[in-house]
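Novice: Pasting a structure here, questions to come.
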Amino acid sequence: MNEALVQNLKSELRRGTQILAVLSQLDKMQYGYSLLQDLNDLNVNIEAGTLYPLLRRLDTQNLLESVWDTSESRPRKYYKLSEEGKEVYSILKEEWLQIVKEMEELFRGDKQ
């Protein structure tokens, strides 16, 4: 078996879930590093180099509200779902649950 190919396909499969994973954790204000820690604690491994651009993109798309906290020595940008983000998250979550249902149906018919 081609291990590199399998790893690549697994990464591709996980990449499609990253937006949903991030949105699911932003019902409260969080800064990037705390979000990264929370996701890692839940065994959702997203690299910082992937997370921060994703947060900026979601913020630009008005799915997140963001605010800078400059009260500490290092400024931190905090994020949470906007109202539109909550709606989009709900739609994406329902879509995901439908996909899972469909895949389970396919796997039940799997002869392996």
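The values are calculated or read from the model by the stated rules, or taken from the named source; none is laboratory data. Bear in mind that the values here come from a model prediction, so they are computed numbers and not experimental data. Glycine gets a Cβ as well: all are built from the backbone with ideal geometry, and neighbour counts include every protein chain shown.
Novice: Under the condition of being surrounded by 10 or more Cβ atoms within 10 Å (Cβ to Cβ), among the charged types (D, E, K, R) and without any contact (Cβ under 8 Å) to a residue 24 or more places away in the chain, which residue from the range 27-69 is farthest from residue 14 (Cα to Cα)?
Specialist: Ranking the qualifying residues of the range 27-69, first place goes to 65.
Novice: Of all residues in the range 70-89, count the ones that are in a helix (DSSP H, G or I) and either surrounded by 12 or more Cβ atoms within 10 Å (Cβ to Cβ) or at pLDDT below 95 (or both).
Specialist: 6
Novice: Which residues, taken from the range 1-26, are in contact (Cβ under 8 Å) with a residue 12 or more places away in the chain and aliphatic (A, V, I, L, M)?
Specialist: Listed by number, the residues that qualify are 19, 20, 21, 22, 23, 26.
Novice: Among the residues of the range 21-65, what is the count of those that are in a loop (DSSP other than H, G, I, E, B) and either under 22 Å from residue 97 (Cα atoms) or in contact with an Asp or Glu (Cβ under 9 Å, 6 or more places away or on another chain) (or both)?
Specialist: Of the range 21-65, the ones in a loop (DSSP other than H, G, I, E, B) are 25-29, 42-47, 61-63.
Subsequent filtering for residues that are either under 22 Å from residue 97 (Cα atoms) or in contact with an Asp or Glu (Cβ under 9 Å, 6 or more places away or on another chain) (or both) retains 25-27, 29, 42-46, 61-63.
Qualifying residue count, the range 21-65: 12.
Novice: Is it the case that residue 16 is farther than 21 Å from residue 99 by Cα and either over 12 Å from the mean Cα position of the chain (by Cα) or at pLDDT below 95 (or both)?
Specialist: no
Novice: So in the range 74-85, with the set limited to residues that are charged (D, E, K, R) and in contact (Cβ under 8 Å) with a residue 24 or more places away in the chain, which one is nearest to residue 62 (Cα to Cα)? Working first, answer last.
Specialist: Going residue by residue through the range 74-85, those that are charged (D, E, K, R) are 74, 76-77, 80, 83-84.
From what's left, in contact (Cβ under 8 Å) with a residue 24 or more places away in the chain: 76-77, 80.
On the way: 76: 19, 77: 15, 80: 11 Å.
Within the range 74-85, the match that is nearest to residue 62 (Cα to Cα) is 80.
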